[in-house]
Structures are given as structure tokens and as C-alpha cells.
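**Student:** Mind having a look at this structure? Questions to follow.
The values are calculated or read from the model by the stated rules, or taken from the named source; none is laboratory data. No experiment lies behind these values; they were computed from the predicted model shown. Cβ sites come from the backbone with ideal geometry, for glycine too, and all protein chains shown count toward neighbours.
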Amino acid sequence: MTSETGARTAAAARRHAGGVRMGTGRAGDRIFVSAARGSGIAVLLIMAAIAAFLVWKAIPALQDNKANFLTAEEWNPNATPPRFGIAQLAFGTVVSSLLAMLIATPVGVGIALFISFYSPRRLASGLGYVVDLLAAVPSIVYGLWGLAFLSQHMEGISRFLNSVLGWIPLFGGDSPGKNSIFTASVVLAIMILPIISSISREVFLQVPRANVEAALAIGATRWEMIRMAVLPYGRSGMIGGAMLGLGRAMGETIAVAMVLTFVPGINVHLLENGGATFASNIANSFAEASVTGRGALIASGLVLFVITLLVNMAARAVVARRKEFV
Amino acid sequence: MTTLSTGRGPAGKAAGPSLTSVSAGRKVKDRVVQGLVYLAFLLALVPLVSVLWTVVVNGAKRLDPTFFQFSMNAVSGSDKGGGAYHAIIGTLEQVLITSLIAVPIAVLTAIYLVEYAGNGRLGKLISFTVDVMTGIPSIVAGLFVLALWLLTFGFDYSGLAGSLALTILMIPTVVRATEEMLKLVPNDLREASYALGVPRWRTVCFVVLPTAMTGIVTGVMLAVARVMGETAPLLLTIFFTKAINNDPFTGPQASLPTFIWEQAADPSQNSIDRAWTGALVLIGIIMLLNLVARFVARRKAPTGR
Amino acid sequence: MAKRIEISGLHAYYGGVHAIEDISMTVEPRSVTAFIGPSGCGKSTFLRTLNRMHEVIPGARVEGKVMLDDEDLYDSSVDPVAVRRVVGMVFQRPNPFPTMSIYDNVAAGLKLNGVRRKSRLDETVEESLRGANLWNEVKDRLGKPGAGLSGGQQQRLCIARAIAVQPQVLLMDEPCSALDPISTLAIEDLIEKLKTQYTIVIVTHNMQQAARVSDRTAFFNIAGTGKPGKLIEIDETSKIFANPEQKATEDYITGRFG
């Protein structure tokens, strides 16, 4: 590995020695480098500005807020005095995304295994494309479908889960419905499936052939080979993919906003109608928001921004760890 | 040698193991996993087929010339007729402006990262930021433009404001795609150019970029397809209008995603039908872009060997 | 526990490519048989047909018979997974499982076969590592990753992993080509010792190595690129090197060829 980096540096050095000193291109080079570096810096500035402006525009509303922003469940920023808190939104966001991740990860990894090791080799890339199509469907369409089709079928499933697993509080409650956090989680799970499966597929592709053959040569079945050579190697990739999926689910707006019916207050019975997430609340309340209302939405968006940032950074770190390994 | 000749093999009993089959338990487990893996794939197909089917069946009802020729101006939710002309115009303009802003910034950033940054700190910081940007929820991008463009600078809702929000979502995708393609360009090609005394910027513009061009085009098309379906940031930035607004720089504009959102919110069946047709048109454009992008990518592999 | 292998009329294909043509030979038990020949002559492919690893490559297939004593490896009732349990393999590049410790690498095959008892595992791991002449070097760090060993040690670890399940036959595909001379010597010593227990087949590019370690030698050749590989002759190693029947063999051995 060191020799490889060495070679790369050497090549870079040669590059520097090569072209740059030539007289004729100097002004052109300078302008071009400035433009390229300027664009890069613009990207940095945009990120910084996002954080700065969200904070700046959130502060006045937060100052006017008469409720505890972190612990209050109500969302009445348009009232006088304004009272709003993110407790319910945070609960809805975290629970629906986690549930979506739990549903999607095994399926996503299974899809990746199918495409990498079980499907006929000639079909593999085509099948990958089919799964990627799931990612191409816009969230508004998932919302429409979720509302018109999925939620109709979810009612029965929810009733069934409620009757069988009702003793677990999360599946409990008296009136399982179709516009519940559970339904939202299923829609989210479908939406994050492609990212989990494509990142898993990427790491599976990198599993050294030698390890696969080593496992087969000591008499492993296909599953045993996967367990011995593929899963340990791809573990950080799968975890990272699941976390990226989690981050995406947390920020997903429209599909959730369409599927969920807003009912105020935290409800741990996930099969019952109601619930809200940061993003769905913003989409649903924006049109009627007053000045303070907008500030309050921006404040909640800031929280969402920070949470997804942390989740994504952690995910990237996990995925990157694989590269140091081996 | 003596240790080996003790011959107390764990599985190697006198007769030796059979060649015909491994133990039933292992075989069953292997089959069960195989079944589960097939099931996982089929599970993924169910929503895909179901979504496409529902959209096509429901969307076909209003897929008529009126839909493409008229706006919703003076049409109320429960009325028949009406169309998405204003929304289609809006989406096309917004996506075009988005691409005009995002593509140059993104391609130049990628060029900086691949060709100039080396292992420097600025390069690493930018690269990290691009990663982080990939994960920004689209609604947050909308809130940012709301906070900056509308609340701070005092501009009105407009197609442009929507484009600015979409730009934030498009930049990281295009940077990553371009980076990948630039990295595929063999170093020999660059060095050959330097050896001829060609300055670096000309090498990048006239040797490296053309080599990577098809790949970059593919990346841009996929990014456009992705951004085109975004709804959330537009709700906060372009607002709603039922009328045709050809000017993306002033006043609220419509777009296909927000059109669907608006129509779906109306309980009247005529509105719902329009929403489905909007979805069909939107998906149609996006799938078309995807297909063309794949086609471009396949036609010409990124690097000549 | 060593078995005789009788191959008759064996052809192997990669998709439409005919890789080896009509090979028949007998591999004697408790001896070392070396396969030599120029690159691309199909000797590695042939080796991989002997434990049905060939078919792991998509599109690859085999025709013909490979009898292990009285069982045909390619009989429809035979499970390739079971075959590989009985016919072990060591690869060109050492390939210990990178995520497993030294101990777990050796125990991997046993665990697949349902051995769970710690004392039994401990015993076999030690036995196999001793058998691979590696025990003294690693006994204090069995819990460390196998990837941390030197190339030669890794290759002996892979041999230990292969013999831990007590196979009948051990196939070695250029096991020393990625190793330095000292490690090569260690492996050759080990082969010498293992042949009292196992039927060993080794593919090698190195003719001195074939002469040093093998009892019998088979020479493979191809007529030209795109043509299938063929067995030219097989005989006692001393005879092949001193007085081969075929002119092609002599040309290859004396270096007048490729």
C-alpha cells in the first residue's frame, strides 16, 4: 500500500515538474486553477451558509417561544404567545427511520447477495439496474402510491400485528390504522432499499476472489462461504450502508407527509394513526406559517440538519474503515 | 510426522466421508438461505411493479392533449379538465437553471479535487464537505434558500429560488460522478500531453475532460433526473400557482412535483386523477432520462485503453 | 487415508473455450505427482477439475470421469461441496481468511463439519499446525490474525487449514510461486513429509522443484494459442527428466522451449 501511494506521489511530482513551468500557459493555468479552487471553496461556503442562516433565522422564533423547544410536544408557533417543541417530531423521525432501517437492511443485504452470488452472472448488472429504478422513483410518487395503494393494504397487516403482538407496547393500542408511523416506515424502507443494497453490493464486489475460493476449497456450501468470506469482509460496508439509509429516511419529507395523518402528541403505539416527523411537519405547516411559524420550522429543520449530519458522518467513517482493513 | 499418524481425524473415520452429500443440516441451512435471498429480491420487485402499475393505470385516465395544453387557471379542484402545462414549463425551466448553476461549479470542483488538490488539506476538506452535502435532507436545502433568499434578501417566491435549492442537492451528485470519471482517465494521457509542452489547464480542458465527457454527461443526466422529482424544497421556495408563469425570475411558479402534491391534497376525484397523470408524466421523464443516460454510458466507455 | 485418482477422457471448458482436451492418467496414492508445462497449457485448470473447483467460475464445465478409488467425482449423485471436503486445495497465493485468527483459520473447516467441542478443536488445530511445520512459530499467537504472518508462514497456514479436515488428496496450485527461496524450501520439506499421508498433486512452473519433490511428473502442452491443453506424457520423475519419451518434453525440460 505504501509503495502504491509512493508511486502516486511520484507521478504527481512528475506532473508538477512537467507542465506548469512552461511560460506560455502560465496565465491560463493561474486563471483555471483559481476557477477550480474557487468552485471548491464555494461548496465550502454553501455548507457554512446553510448552518449560519438556519441558526440566524431560527433564533428570533426560539426567543419568542414560551414552551421548552426540546421537550415540548405541542407545535403552535402561530399562536400568541407561540408555543412549540420538537419532542413529538424527534420521536416520529427517529422511530420511523429506525424501523425503516430495520426492515430495509436485511432485505437490502439479501438483494445484494442475490445479485452478487445467486443470480446468473449475465443478469447481474441488469438486476442491479432494476433495483436502482426504485431509487429513481420520486418521493412524491411514493407518497401518492403509499396513500392510494399501500396504506389500504397496511390496515389489515397492522390489525394482524396488533392482534398477535399487541402485548408489546409498540404494537399495542386499540385502533390500528392505515396512516400510522408503521405505514410510513414501510414506505421509507422501500425508499432506502436501493442505497443499502447498492453499497452492500459494492463491498461484496470487492471481496477477494481468493477468500471465496479458500472457503469453497475447504468444503463450504454457498451460504457457509458467504458467512466465512463475504459477510466479515463486507460488514462495515453493510453497517455504513444501513446508516446512510437511516440518514436518508430521516430527511425524507413528502412521502411521509402524505402517508401520515397528523395527530398531536407522542403515541408509542406505532400501529395507530398519527405522528409527525421533522420533515413532514415542515411540509405540512409551511403554507399556513406566520413569521414566527417559519422561524420555528427553520429551527426544527436545523435540528434535523444536525442529526442527519451526524448520522451521515458516522456512516462515512464506518464505510471508510473498511478501506484501511486488509 | 508422528503427530499426524495418530490419525484421530474429526470427520475422517475409517471409511472416509461420503462424496454424495454434506450433512443434512448444512444442506438445509444452505437452501433456507438461498430461499431467503431469492425472497428478498422478489420483495423488492413487489413495490417497484406495484408503483409503476398503479401510476400507469391511474395516470392513463387523464393522459389527454388537454393535460399538456392547459394550466389549472380558473379550474377548481372538482372540475374536470385542466392540465399541467404550467407545471411542466416550470419544472423544465427550474431544472435548466439548476443545471446551468450546478454543473459548472460541480465539474470545476471535481477538477480541483482530482487534478489539483493532491493530498492537501483544502482538498480533503472540500471532499468531506461534498460527502456531507450528499446527505442534506432536501427540505433543509429548501429551508436554507427560504432563510437566505426570501427572508434575508427579501426576494419573492420564484422558480429561481427553487432552482437555488435544487442546486444544493445537485452539486454533490455531479461532483462525485465527475470525480469518478476523471479518476478513470489514465495518467499516461496527461503525461503525454505535458511531454508535448501543453500547459496544464489546456491538458485538463482538451485532453482530460473530453476523455471523461460521456461519463460526466451520464452523471449530469442522472443528477437531473434525481433533482427533477424533488418536491419538498420547492414547496418552500416556488410556492404555488395555478396559472402559467413563463418567467422563472419573478413570482410563484408551478412544477410537476408541487402540482401532484396540490392535486393529491384535494379530495375530488378529478383532482386525484390529475395528480396521477402528473405522476405518470414525471416518472416518464425521469425514466427516459435514466435510460438515455445508461445508453450514453454504454455507447462509449469512459476510457479508451 | 490416501486415495488413488484415475482420470479418463477429461475435457474442460470455459464458456465456449476448450481449455483442456481428453486427459487420462492415474495419480498414485501416498506420492507426489507434479504437473509441469508452459503457461496456459491447462495444468491449473486440470488441477481444479480434480476437486470440482473448476466449475466455480461462471460458464465453466467439465466432461469425463475422475474416479477417486471407486467413486466418480462427476457422478450426478455427488455433491461438489462434499468433494472439496475430501480433496483439499492450496492456492498459488496464500489466502488465509483475513478476518479470522490463526486458530480460527485452521479450525474453519472443522467447524463446518460440525465439530464444536473446544478440546477436540484445540487438539486438531495443534496437530494440523504441527503437520504444516508451523506450530512452533505461531503457538504463542494463535489468537492473532492470520494475515499478520509472513508469506511463507501464511502458505503453511493454508496447508494446515487444508489438512485439518483430513482430506484424502491435497492439490497444490503453484504453492511456492509467491514465496522467497527460504519459505519455498520450508514448503518443499513439508510436502516431503505430507506425502506419507496424502495423495499430493502439485502444479509448478519450477522444474527443479518438480524434480526435487515429485515421484511422478506429468508434462502438459498446447499446440498454440486458443488450442486446448493436452497431456503429453506422465512417468517417473527421474525418467521424465533424464530420458523422456516425447521430443516436446525433452525440449521443454532442456529449455529449448518457451
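**Student:** If you scan segment A:199-214, which residues turn out to be in a loop (DSSP other than H, G, I, E, B) and more than 8 Å from every other protein chain (Cβ to nearest Cβ)?
**Tutor:** Answer for segment A:199-214, where residues must be in a loop (DSSP other than H, G, I, E, B) and more than 8 Å from every other protein chain (Cβ to nearest Cβ): just A:Val207.
**Student:** Could I ask something else about it? Would you pick out the residues in segment B:182-197 that are of a type in the set (A, V, I, L, M) and either surrounded by 20 or more Cβ atoms within 10 Å (Cβ to Cβ) or away from chain A (no Cβ under 11 Å) (or both)?
**Tutor:** We begin by selecting, within segment B:182-197, every residue of a type in the set (A, V, I, L, M); these are B:182, B:184-185, B:189, B:192, B:195-196.
Result: B:Leu182, B:Leu184, B:Val185, B:Leu189.
**Student:** Another question, then. Taking B:Ala161, is it more than 12 Å from chain A (Cβ to nearest Cβ), modelled with pLDDT of 90 or more and closer than 30 Å to B:Ile238 by Cα?
**Tutor:** Judged against the criteria, B:Ala161 is a match.
**Student:** Step by step: first the residues of segment C:70-94, then only those that are within 13 Å of the chain's Cα centre (by Cα) and among the charged types (D, E, K, R), then the one that is farthest from C:Pro29 (Cα to Cα). Which residue is that?
**Tutor:** It comes out as C:Arg93.
**Student:** Something else now. With the requirement that a residue be at the interface with another protein chain (Cβ under 8 Å from one of its Cβ atoms), assigned to a loop (DSSP other than H, G, I, E, B) and more than 20 Å from C:Ile191 (Cα to Cα), what does segment C:76-93 give you?
**Tutor:** C:Ser77, C:Val78, C:Asp79
**Student:** Something else: Looking only at helices (runs of 4 or more DSSP H) that fall completely inside segment C:107-213, which ones have 2 or more residues that are within 30 Å of C:Thr237 (Cα to Cα)? Walk me through it before giving the result.
**Tutor:** On the way: elements: C:118-131, C:135-138, C:151-164, C:181-194, C:207-213.
In segment C:107-213, the matching helices (runs of 4 or more DSSP H) lie at C:118-131, C:151-164, C:181-194, C:207-213.
**Student:** For the condition of a type outside the set (D, E, K, R) and within 30 Å of C:Leu50 (Cα to Cα), what is the one hit in B:Val49, B:Val32?
**Tutor:** Being of a type outside the set (D, E, K, R) and within 30 Å of C:Leu50 (Cα to Cα) holds for just one of B:Val49, B:Val32, which is B:Val32.
**Student:** Moving on. Check B:Leu236 against each of (1) under 30 Å from B:Met72 (Cβ atoms); (2) within 12 Å of chain A (Cβ to nearest Cβ); (3) free of Cβ contacts under 8 Å to residues at least 40 places away in the same chain and name the one condition it does not meet.
**Tutor:** The single condition B:Leu236 does not satisfy is (3).
**Student:** Specify the residue that is surrounded by the fewest Cβ atoms within 10 Å (Cβ to Cβ); the eligible residues are those in segment C:35-54 that are within 10 Å of another protein chain (Cβ to nearest Cβ) and of a type in the set (D, E, K, R).
**Tutor:** For segment C:35-54, the residue satisfying everything is C:Arg52.
**Student:** Further question: Can you confirm whether B:Thr98 is facing chain A (nearest Cβ under 8 Å), of a type outside the set (A, V, I, L, M), part of a helix (DSSP H, G or I) and surrounded by 23 or more Cβ atoms within 10 Å (Cβ to Cβ)?
**Tutor:** Taking the combined requirement at face value, the residue does not satisfy it.
**Student:** Could you please find all residues in segment B:201-217 being in contact (Cβ under 8 Å) with a residue 40 or more places away in the chain and within 11 Å of another protein chain (Cβ to nearest Cβ)?
**Tutor:** Across segment B:201-217, the qualifying residue is only B:Val204.
**Student:** While we're here: Listed residues A:Phe117, A:Phe32; which is surrounded by 18 or more Cβ atoms within 10 Å (Cβ to Cβ), in contact with a Cys (Cβ under 8 Å, 6 or more places away or on another chain) and in a helix (DSSP H, G or I)?
**Tutor:** Result of the check over A:Phe117, A:Phe32: A:Phe32.
**Student:** I need the full set of residues from segment B:123-151 which are facing another protein chain (nearest Cβ under 7 Å), assigned to a helix (DSSP H, G or I) and without any contact (Cβ under 8 Å) to a residue 40 or more places away in the chain, in order please.
**Tutor:** Hits for segment B:123-151 are B:Leu125, B:Ile126, B:Thr129, B:Val132, B:Met133, B:Val140, B:Phe144, B:Ala147, B:Leu148, B:Leu151.
**Student:** What number of residues in segment B:229-257 are part of a helix (DSSP H, G or I), closer than 19 Å to B:Leu146 by Cα and of a type in the set (A, V, I, L, M)?
**Tutor:** 4
**Student:** Sticking with this structure for a sec: Considering B:Glu93, B:Glu115, which residue is within 11 Å of chain A (Cβ to nearest Cβ), touching a residue at least 24 places away in the same chain (Cβ under 8 Å) and out of contact with any Phe, Trp or Tyr (no Cβ under 8 Å at 6 or more places or on another chain)? Before you say what the answer is, go through the steps one by one.
**Tutor:** Values: B:Glu93 fails: within 11 Å of chain A (Cβ to nearest Cβ).
Being within 11 Å of chain A (Cβ to nearest Cβ), touching a residue at least 24 places away in the same chain (Cβ under 8 Å) and out of contact with any Phe, Trp or Tyr (no Cβ under 8 Å at 6 or more places or on another chain) holds for just one of B:Glu93, B:Glu115, which is B:Glu115.
**Student:** Just to be sure before I move on: is B:Thr173 modelled with pLDDT of 90 or more, buried (at least 20 other Cβ atoms within 10 Å of the Cβ), in a helix (DSSP H, G or I) and more than 9 Å from chain A (Cβ to nearest Cβ) in the structure I sent?
**Tutor:** So B:Thr173 passes the test.
**Student:** Yes or no: segment C:138-150 includes at least one residue that is at the interface with chain B (Cβ under 9 Å from one of its Cβ atoms) and of a type in the set (Lys, Arg).
**Tutor:** Among the residues of segment C:138-150, not one is at the interface with chain B (Cβ under 9 Å from one of its Cβ atoms) and of a type in the set (Lys, Arg), which makes the answer no.
**Student:** Would it be correct to say that B:Val296 is within 20 Å of the chain's Cα centre (by Cα) and more than 10 Å from every other protein chain (Cβ to nearest Cβ)?
**Tutor:** Yes.
**Student:** Please verify whether B:Trp261 is within 9 Å of chain A (Cβ to nearest Cβ), in contact (Cβ under 8 Å) with a residue 24 or more places away in the chain, over 23 Å from B:Thr167 (Cα atoms) and not in a loop (DSSP other than H, G, I, E, B), treating the condition exactly as stated. Show your work before the answer.
**Tutor:** Working: within 9 Å of chain A (Cβ to nearest Cβ): yes; in contact (Cβ under 8 Å) with a residue 24 or more places away in the chain: yes; over 23 Å from B:Thr167 (Cα atoms): no; not in a loop (DSSP other than H, G, I, E, B): yes.
So B:Trp261 does not fit the description; no.
**Student:** Enumerate the pairs (first residue in segment C:45-70 and touching a residue at least 24 places away in the same chain (Cβ under 8 Å); second residue anywhere and aromatic (Phe, Trp, Tyr) and buried (at least 21 other Cβ atoms within 10 Å of the Cβ)) with beta-carbon separation below 8 Å, excluding pairs fewer than 6 apart on the same chain, so at least 6 apart or on different chains.
**Tutor:** C:Phe46/C:Phe35; C:Phe46/C:Phe220; C:Leu47/C:Phe35
**Student:** Related question: If we scan segment B:12-30, do we find a residue that is modelled with pLDDT of 95 or more, in contact with a Phe, Trp or Tyr (Cβ under 6 Å, 6 or more places away or on another chain) and surrounded by 14 or more Cβ atoms within 10 Å (Cβ to Cβ)?
**Tutor:** No - not one qualifying residue is present in segment B:12-30.
**Student:** For segment A:46-73, give me each residue that is touching a strand residue (DSSP E or B) at 6+ places or on another chain (Cβ under 9 Å) and not basic (Lys, Arg).
**Tutor:** Taking segment A:46-73 as the starting set, the residues that turn out to be touching a strand residue (DSSP E or B) at 6+ places or on another chain (Cβ under 9 Å) are A:61, A:65-67, A:69, A:72.
Across segment A:46-73, the qualifying residues are A:Ala61, A:Asn65, A:Ala67, A:Phe69, A:Ala72.
**Student:** Sort out which residues of segment A:235-276 are small (Gly, Ala, Ser) and either modelled with pLDDT of 90 or more or touching a Gly at 6+ places or on another chain (Cβ under 6 Å) (or both), and write them in order of number. Can you show your working first?
**Tutor:** Restricting attention to segment A:235-276, the residues satisfying the condition of being small (Gly, Ala, Ser) are A:236-237, A:240-242, A:245, A:247, A:249, A:251, A:255, A:257, A:265, A:274-276.
Those that are small (Gly, Ala, Ser) and either modelled with pLDDT of 90 or more or touching a Gly at 6+ places or on another chain (Cβ under 6 Å) (or both): A:Gly240, A:Gly241, A:Ala242, A:Gly245, A:Gly247, A:Ala249, A:Gly251, A:Ala255, A:Ala257, A:Gly275, A:Ala276.
One line per residue, one yes/no per condition, for (1) modelled with pLDDT of 95 or more; (2) loosely packed, with under 15 Cβ neighbours inside 10 Å; (3) touching a strand residue (DSSP E or B) at 6+ places or on another chain (Cβ under 6 Å); (4) not in a helix (DSSP H, G or I):
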| position | (1), (2), (3), (4) |
| --- | --- |
| B:Leu43 | no, no, no, no |
| B:Trp53 | yes, yes, no, no |
| B:Ala87 | yes, no, no, no |
| B:Ala110 | yes, no, no, no |
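**Student:** If a residue has to be touching a Lys or Arg at 6+ places or on another chain (Cβ under 9 Å) and either among the charged types (D, E, K, R) or farther than 15 Å from A:Leu304 by Cβ (or both) to count, how many in segment A:57-78 make the cut?
**Tutor:** Looking only at that region, the number is 9.
**Student:** Further question: Which residues, counting only those in segment A:287-307, are surrounded by 20 or more Cβ atoms within 10 Å (Cβ to Cβ), β-branched (Val, Ile, Thr) and either modelled with pLDDT under 95 or touching a strand residue (DSSP E or B) at 6+ places or on another chain (Cβ under 7 Å) (or both)?
**Tutor:** Within segment A:287-307, A:Thr292 is the sole residue that qualifies.
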